[in-house]
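First up is the structure itself, then whatever we jot down about it.
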Amino acid sequence: MKHGLTRRAALLGGLALPAVAPSLARAAEPIPIGTLLPLTGAGGAYGPSMAKVAKAVTDEINAGGGVLGRPLGLFTEDDETNPDSGVKAAHKLIDINHVVAICGTWASAVTTAVAPVCWQSKTMLFTVSGADSITKLPHHGYIIRTQPNSHLQALRVADFIAARGAKSFFSLSAQTPFAHDVYTQMTAEFAKKGGKALGDIIYDASKTSFRTEVEKAVAAKPDLIFLNAYAPDLGILLRNIYQAGFSGPRFTPGYAATPKVIASLPKPVTDGLLSYAPSPDPGSPGYKRVKEILGVEPDPYSCQVYDHVSLAALAMAQGKAATSQAIHDNVRAVGDEKGVPVTDAVAGLKAIAAGHAINYSGASGPCKFDAIGDILGCKFRFDLVKNGKSTLLSIS
Amino acid sequence: MIALAQAIVNGLLAGATLAVPAIAFTTIFAVLRFANFAVAGFATLGAYGGWVENTALGVPAVPALAGACLAGGVAAVAVDDAALRGLRRRLRPGEAALAPAIASVAATLLLENVARFLFGNDPRGYNLPVYRDWHLGALAVGPQQLADAAIALVAMAALFLFLGFTRAGRTMRAVADNPGLAALKGIDAVRVGRIATFAAGALAGLGGMLIGFDTSLDPLLGFRVMLSVFAAAVVGGLGSIPGAVAGAFIVGVGEEMATLVVDPAYRTAVGFAAILVVLSLRPAGLFGVRGT
């Protein structure tokens, strides 16, 4: 009997090799995942720490064995807090890097611009932007938002103002997709509590002085001025408000009242400044992990991007496919109330591999989403600047 | 009526500060015949130079303006020596100076990122108290704004004295008026170009710090005012220093007065509409003479 390689077998083997080789190569090939962050521009105070957290959680997942036997390959782009730059960077992530998800878009204007690029290419988009309009876009389930929408924020803000005893407020807002909606929703909620909105000025944030805008606000004699601003313009507004002689409370989103903005201004200018922010869960293991990564108390966005990368990894494992579609189909399944509670991606991946359903609760809190991708329920924290330092008033 | 008077006062004070970088822009145009948009970057680096002197070295804010001038001037000469002069030299006679102008936009981005690399993105403030406004009848005026305007006027006066009464200033004017004749007379165009660039960079740096006094300091400081600076220089007539001053006041007052009739969000657009009107009537700008 003659053994050995026949010419036919060799030929067949040769034909089969190219078919086998790519699948072998793919097994070890990293799963590309993207972050699109405000490393520069008005959101520049948050982008770098978000990038650090995304990198750390990717490394943790890879050290734990990756997703479906493959490591995650992280691609980070800067959106410059600018929609044009955001769209260019999103195209690069999707068309060149072929990412399965884009995580971390921050400014609502950027997210609004980037969203169609994502849903048209069926790429998942995880965002921390608040504008109501974002999840109302026809995104076919390709947007997940870990930040409470601006409607929810406006209600809480109006309730807080009323509880502080203010009977009237005036609003100064940067030009954003949510500025007008927030004012309208606040006005309606505030009216229910017997308060009155005295007016709203939407200003051009690229200016270096807002004296005229502030003079109009102060002339209306409000009990409180609401500053729907970003960090660079907040500093100028607070200065102009002080100069105009207003001594009442000023209230602003926490993302504008960064410690650096407060430190950059004299104490009399910042004292009495109130701020609010959707609060991560400070008691959760995920929050503590983000705190370890950053070495300081984490901001809400760093906590949320920790959850974005974790949710993407878990949903792919749950769907048994390293694709955007698997994330799309399974991102709600990894928050199964009846599942094993997990607080980090590595533990979650192990539980899924062992065949368990999981209930992921991360650094920003429980990650449960409604049908259009909005987070369900969220705590808020309120802070007051005293003697140049921001101090916690309450979390509720 | 009071609102109108207040808008004019606010506009004049804003215009005085805007005039300083606008003069810087137009000076470079007068002597070197190109639009140097890197003035925005010089303003930003100048503002940071003054900030280092003010906060790290403890120099009071007004004397620290010297640091702003030095940082702006050095940055301007460095950018010009490294890139822009070479590009200008390669221009054919009569060719529009497009390449150096575009390169100057790139230089602005570079300088902005140098500031970001050295000082980070976070806003910074000078060690300077903030005062409540003074009320003169129904009008409110900020002491800091008045001081800024006074400093701007002193800087402008110093520039006029330099141009009128020093040898370097006169050679600069000679090159600006007629570069060919100046070369025939043996004036070293490169040297004069450097002096003009340094002077303009120093003024831009000073302007950047003055803007920072009333706002806060971040890497986008210069970029934010660049459009208004360019508008002021164009309205006044590119290359004309009195024109830049007039243009800055027109842009400053125009933008403020616009807020009386339209939403403040549109004030930049209204300012530019005013520019279109001026340029439609006088294409060379108010003080322009060379058909620029």
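Structural remarks
- Applying the condition of being under 24 Å from B:THR215 (Cα atoms) and of a type in the set (Phe, Trp, Tyr) to segment A:185-225 and asking which residue is nearest to the other protein chains (Cβ to nearest Cβ) yields A:TYR203.
- Close pairs (6 angstrom Cβ cut-off, 6 or more residues apart or separate chains): at the interface with chain A (Cβ under 8 Å from one of its Cβ atoms) in segment B:107-131, of a type in the set (Lys, Arg) and crowded, with 17+ Cβ neighbours inside 10 Å anywhere: B:ASP122/A:LYS260; B:VAL130/A:ARG239
- Filtered by the rule that a residue be under 19 Å from A:VAL309 (Cα atoms) and among the hydroxyl-bearing types (Ser, Thr, Tyr), segment A:71-116 gives A:THR76, A:THR105, A:THR111.
- Qualifying residue in segment B:238-249 (condition: within 14 Å of chain A (Cβ to nearest Cβ), more than 29 Å from B:ASN178 (Cβ to Cβ) and surrounded by 23 or more Cβ atoms within 10 Å (Cβ to Cβ)): no
- Test: residue in segment A:375-388 that is touching a Ser or Thr at 6+ places or on another chain (Cβ under 7 Å), within 30 Å of A:PHE251 (Cα to Cα) and surrounded by fewer than 16 Cβ atoms within 10 Å (Cβ to Cβ): yes
- Residue list for segment A:58-87, restricted to those being closer than 18 Å to A:ARG289 by Cβ and assigned to a helix (DSSP H, G or I): A:THR58, A:ASP59, A:GLU60, A:ILE61, A:ASN62, A:ALA63
- Residues satisfying the stated conditions in segment A:204-230, i.e. touching a residue at least 60 places away in the same chain (Cβ under 8 Å) and open to solvent by less than 10 Å² (accessible area, probe 1.4 Å): A:LEU224, A:PHE226
- Flag if A:ALA115 is of a type in the set (A, V, I, L, M), at pLDDT below 95, open to solvent by less than 10 Å² (accessible area, probe 1.4 Å) and under 28 Å from A:ALA315 (Cα atoms): no
- Here A:ALA371 does not fit the description of being open to solvent by less than 50 Å² (accessible area, probe 1.4 Å) and either among the hydrophobic types (A, V, I, L, M, F, W, C) or part of a loop (DSSP other than H, G, I, E, B) (or both).
- Criterion violated by B:VAL190 - all others in (1) more than 14 Å from chain A (Cβ to nearest Cβ); (2) under 15 Å from B:ARG33 (Cα atoms); (3) hydrophobic (A, V, I, L, M, F, W, C); (4) surrounded by 17 or more Cβ atoms within 10 Å (Cβ to Cβ) satisfied: (4)
- Summed over segment B:243-292, the residues that are assigned to a loop (DSSP other than H, G, I, E, B), under 30 Å from B:GLY94 (Cβ atoms) and more than 20 Å from the chain's Cα centre (by Cα) give a count of 5.
- Only one of A:ASP181, A:ASP200, A:ASP159 that is among the charged types (D, E, K, R), buried (at least 19 other Cβ atoms within 10 Å of the Cβ) and either touching a His at 6+ places or on another chain (Cβ under 8 Å) or free of Cβ contacts under 8 Å to residues at least 60 places away in the same chain (or both): A:ASP200
- Restricting segment B:132-145 to residues that are on the phi < 0 side of the Ramachandran plot and surrounded by fewer than 14 Cβ atoms within 10 Å (Cβ to Cβ), the residue that is nearest to the other protein chains (Cβ to nearest Cβ): B:HIS135
The values are calculated or read from the model by the stated rules, or taken from the named source; none is laboratory data. None of the values given here were measured: they were computed from a predicted structure. Note that we place each Cβ from the backbone using ideal geometry, even for glycine, and neighbour counts take in every protein chain shown. To get the accessible areas, we keep the full protein, side chains included, count just its heavy atoms, and leave off ligands, DNA and RNA. Shrake-Rupley method; radii C 1.70, N 1.55, O 1.52, S 1.80 Å.
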